[in-house]
Amino acid sequence: MTTAQKELVKATVPVLKENGVLLTAHFYKRMFTHNPELKHMFNMGNQQNQKQQTALAMAVLAYAEHIENPSVLLPVLDSIGQKHTSLSIRPEHYNIVGHHLLNSIAEVLGNAATPELLNAWKAAYLQLAELMIGQESKLYHQQVSKTGGWTGWRPFVLKQKVEESAEITSFYLYPSDNGPIAPFTPGQYISVRLFLPELNLLQPRQYSLSAAPNGKYYRISVKREIGSVHPDGMISNRLHDHVKEGDIIEASAPAGNFVLNAAGHHPVVLISGGVGQTPLISMLESLIHTGNTQSVTWIHGCRNQQVHAFQQQVAAWTQKHSHVKQHLFYNQHNNEANINAGVVELDVLGADILEENTQYYICGPAGFINKHYQYLTARGIQKEAIFFEEFGPASLQLN
């Protein structure tokens, strides 16, 4: 890109701040109209609730703001690349996206979209596409370099469904070819793909792996969306209501960069809300199996005992391993022993969770993450020691 082109891109920052979602909403509508086959690759639930439009608007804005040095966005680009590889996004898709994005800029900005501005954004997009394609090529190579690794979609047999609570059920997926499966790092997810008759579409969704790596199967634990007819909950509910033991489910290889840092020995605090505990369960089980004797603190909040998944398993671990402690919070408290009433409040736990060199992992809704992130940083915890994952398209910009 030329200096003049970079200046033109930066000059659009105020417009993106004010009208970014308008632009991205127009872009998605245009792309799906002209390339309806891409609806099979995108979560259409996130289209209806505007999460995807908002996430893309934020990403475009961040790229424009850092056009002088886009390498500072590499951590964000890695997270996007992880999601793209789990959905089998390929280089040819970038040509389609670029075409519709540039046309959307022209159509939304009207007369303000001068040929010079469009050429500048074309150069910017090509630069970004090159970065993303390169990053994703590395990730695909890493996948196939693993024993049992693959790219794209692979058939798995659902051999077991286990109800973990009134809302959450675990699904045990074994490779249908009886071959090896790729190892993963606790905290990662897989995508699964099902056909939704209601939409007449294949739809992918990401679910965290909820058991430590074992070399035999992947386990996902899925929350039923009670009363949901929204596409965002249709895959989860279809897994609960229509997928039976013995059925085939297509899945992608494990991906994601919200992962347990197993290097070194340091205290670990795991903080979850609701079904946000699923990646943290994998981390906790892995820490126990690897013999780590540094303190591990499990902090979990949910509505009540009926929806509290994995409670017996975690209780068994804490009883067997003295270095593992747990603190539970129920919104609907019925005088249960050793349960805190209300939502998760870290300040009631005292200084025990603020040990030196502790690493913190938080998973749950955006508001839940932000609340505990702010609490920890206000007490001197370094940002680099706090890791978090927000389910769905990212909207938090905390680090």
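The values are calculated or read from the model by the stated rules, or taken from the named source; none is laboratory data. Only a predicted model underlies this, so the values are computations on that prediction, with no experimental measurement involved. Reconstructed Cβ throughout: ideal geometry from the backbone, glycine too, with neighbour counts over all protein chains shown.
Only one residue in Gln326, Gln319 is over 23 Å from Tyr189 (Cβ atoms), surrounded by 15 or more Cβ atoms within 10 Å (Cβ to Cβ) and over 24 Å from the mean Cα position of the chain (by Cα). Which one?
Of the residues listed, the single one that is over 23 Å from Tyr189 (Cβ atoms), surrounded by 15 or more Cβ atoms within 10 Å (Cβ to Cβ) and over 24 Å from the mean Cα position of the chain (by Cα) is Gln326.
Would you please name the residue that is surrounded by the fewest Cβ atoms within 10 Å (Cβ to Cβ), looking only at residues in region 371-383 that are in contact with a strand residue (DSSP E or B) (Cβ under 9 Å, 6 or more places away or on another chain) and assigned to a helix (DSSP H, G or I)?
It comes out as Thr377.
Identify the single condition in (1) in a loop (DSSP other than H, G, I, E, B); (2) surrounded by 17 or more Cβ atoms within 10 Å (Cβ to Cβ) that Gln52 does not satisfy, given that it satisfies every other one.
(1)
Exactly one condition in (1) touching a residue at least 40 places away in the same chain (Cβ under 8 Å); (2) on the phi < 0 side of the Ramachandran plot is not met by Gly152; state its number.
Gly152 satisfies all of (1) touching a residue at least 40 places away in the same chain (Cβ under 8 Å); (2) on the phi < 0 side of the Ramachandran plot except (2).
Could you tell me which residue of region 103-118 is surrounded by the fewest Cβ atoms within 10 Å (Cβ to Cβ), considering only residues that are touching a helix residue (DSSP H, G or I) at 6+ places or on another chain (Cβ under 7 Å) and farther than 22 Å from His34 by Cβ?
Checking each candidate, the answer is Glu116.
Checking Val15 against (1) within 28 Å of Phe391 (Cβ to Cβ); (2) more than 21 Å from the chain's Cα centre (by Cα); (3) in contact (Cβ under 8 Å) with a residue 40 or more places away in the chain; (4) surrounded by fewer than 18 Cβ atoms within 10 Å (Cβ to Cβ): exactly one of these is not met. Which one?
Here Val15 meets the rest and fails (1).
Hey, could you check region 20-34 for residues that are surrounded by 15 or more Cβ atoms within 10 Å (Cβ to Cβ) and not aliphatic (A, V, I, L, M) and say which is farthest from Val60 (Cα to Cα)?
The selected residue is Phe32.
Identify, from the list Gly380, Gly364, Gly350, Gly392, the residue that is touching a Phe, Trp or Tyr at 6+ places or on another chain (Cβ under 9 Å), modelled with pLDDT under 95 and not aliphatic (A, V, I, L, M).
Residue meeting the stated conditions: Gly364.
Quick check on my filter: what residues within region 68-90 are of a type in the set (Ser, Thr, Tyr) and touching a residue at least 12 places away in the same chain (Cβ under 8 Å)?
Ser79, Thr85, Ser86, Ser88
How many of the residues making up region 165-183 are in contact with a helix residue (DSSP H, G or I) (Cβ under 9 Å, 6 or more places away or on another chain) and over 13 Å from Tyr217 (Cβ atoms)?
5
Give just the number: which of (1) in a helix (DSSP H, G or I); (2) modelled with pLDDT of 90 or more does Leu73 not satisfy?
Looking at each condition in turn, Leu73 falls short on (2).
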